[in-house]
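Please read the structure below before turning to the comments.
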Amino acid sequence: MRVFKNYFKIVKAHGPVLISYTLIFLIITLFAINMNIEETYSAINVSMYVKDNAKTALSKDFYDFLDKNTEIVAMDEDMVEDNLFYGIISAAVEIPKDFDTDRKVNYKSAPMDMYAMAGREKINQYLNQVAAYEKGGFSTKEASKFASEDLSKGIDTSIYGTSKDGIDIGTNIYFNFLNYLILVQVILIVANIMTTYKKEPLNSRNKVSPTSHVSQNLQLWLGHIVSGLCIWAMYMIIFVTIYKIKSPEVFRLLMLNSLVFTIVAVTVAILISKFVKNENVLQGVLNVVALGSSFLAGAFVPQEVLSEGTLKIAKILPSYYFIKNNNILVSDPNFGSISKNIFIMLIFALGFLVLSLFIKRGSTEG
């Protein structure tokens with residue numbers, strides 16, 4: 001097993017580069033996950049000045065509605081324009097004398113105020129709700145009462161970063177990012193190893209080695225597989241270390257999905273190693289394969305926001321099916337939902353393996 005032992009001596013020599021990739025993208029991943037914290041959103045409490053010129057039952061009900069659902073600020077009428085200009089209040093509302101007939105108000109908002117539109121929306125909702133109840137046969141008094149009750153029911157929205165099944169969205173982000181990390185590191189190892197073995201005088205020594213050519217290739221392939229499994233296991237351990245597992249069953253499915261993708265990555269790397277002759281070419285290949293597939297397949301940008309044309313192109317890449325499975329598990333955590341895409345990834349792996357066996361480049365095949 002001399003070739004196998006030498007394999008990992010070469011891997012060790014490239015350790016700093018591999019570690020740098022891990023650290024950089026681990027930091028980026030952690031930032032993305034930490035952004036996925038619980039946030040609570042409540043209705044905006046718009047500050048406004050309100051003047052009631054109508055003094056009718058409806059206008060008083062309307063004033064009471066605004067008093068409960070906005071922040072009415074008392075001030076001298078002469079100061080309204082200045083307070084609007086300086087953003088002290090978001091809006092000024094004047095209820096005209098013919099309010100009961102026209103159901104319109106004079107609304108003036110502060111320039112460039114982000115909350116002014118919310119105040120106008122509250123007013124429109126109230127008036128529309130009153131009109132709807134009146135069309136339903138209710139009196140104006142009843143319509144005003146019911147409209148106020150309906151619209152005064154506050155709703156707070158919380159985002160917890162989990163799906164309805166309790167699967168953390170941060171987990172999805174982490175495993176999607178693995179598309180790039182696994183590809184780039186597996187290709188780096190395999191391609192660098194094979195480039196090293198193609199160089200002279202190592203290539204010539206291997207030709208006259210007592211170890212058969214078949215044995216050398218088998219040991220190289222074993223090294224590729226072990227390297228891929230070590231990279232995969234490392235990221236599983238990192239995940240368990242830094243992130244809380246909320247659903248062990250789903251985590252096992254994510255592990256299986258990423259393991260199958262790692263197998264695909266190894267076969268891709270073996271195929272690429274047939275064409276890579278030096279480190280400069282390797283850097284270009286990494287950019288095209290790892291970065292290109294990550295962007296096209298939705299590792300960095302969610303598949304939901306990618307164009308239909310981009311997704312059609314991405315379907316020719318195994319990364320698409322790996323990431324699609326990660327996304328499926330957010331809402332449908334069972335093996336049946338991802339089995340089809342796992343099978344497709346295995347077909348990709350088999351195809352890359354067959355191609356690599358038929359392509360002859362260099363004296364040592366891997």
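A few comments on the model shown:
- Test: residue 275 is of a type in the set (A, V, I, L, M, F, W, C), touching a residue at least 40 places away in the same chain (Cβ under 8 Å) and either touching a strand residue (DSSP E or B) at 6+ places or on another chain (Cβ under 8 Å) or assigned to a helix (DSSP H, G or I) (or both): no
- Each residue in the stretch 226-247 was checked for being surrounded by 17 or more Cβ atoms within 10 Å (Cβ to Cβ) and under 11 Å from residue 171 (Cβ atoms), and 2 pass.
- Boolean, residue 301 is at pLDDT below 85, open to solvent by 30 Å² or more (accessible area, probe 1.4 Å), assigned to a loop (DSSP other than H, G, I, E, B) and touching a Phe, Trp or Tyr at 6+ places or on another chain (Cβ under 9 Å): yes
- Positions within the stretch 323-335 being more than 21 Å from residue 264 (Cβ to Cβ), part of a helix (DSSP H, G or I) and open to solvent by 40 Å² or more (accessible area, probe 1.4 Å), in sequence order: 331
- Residue 261 being more than 19 Å from residue 186 (Cα to Cα), of a type in the set (Phe, Trp, Tyr) and at pLDDT 85 or above: no
- Assessment of the stretch 120-137 against the conditions (touching a residue at least 24 places away in the same chain (Cβ under 8 Å), closer than 17 Å to residue 45 by Cα and among the acidic types (Asp, Glu)) yields no matching residue.
- Among (1) modelled with pLDDT under 70; (2) more than 30 Å from residue 277 (Cα to Cα), the one test that residue 142 misses: (1)
- Answer residue from the stretch 70-119, given it is farther than 29 Å from residue 131 by Cβ and open to solvent by less than 70 Å² (accessible area, probe 1.4 Å) and is modelled with the lowest pLDDT among those: 87
The values are calculated or read from the model by the stated rules, or taken from the named source; none is laboratory data. Just so it is clear, the model here is predicted, and its values are computed rather than measured. Don't worry about glycine lacking a Cβ; one is built from the backbone with ideal geometry, like all the others, and counts go over all protein chains shown. Quick note on the areas: whole protein, heavy atoms, side chains included, nothing else; ligands and nucleic acids left out. Shrake-Rupley method; radii C 1.70, N 1.55, O 1.52, S 1.80 Å.
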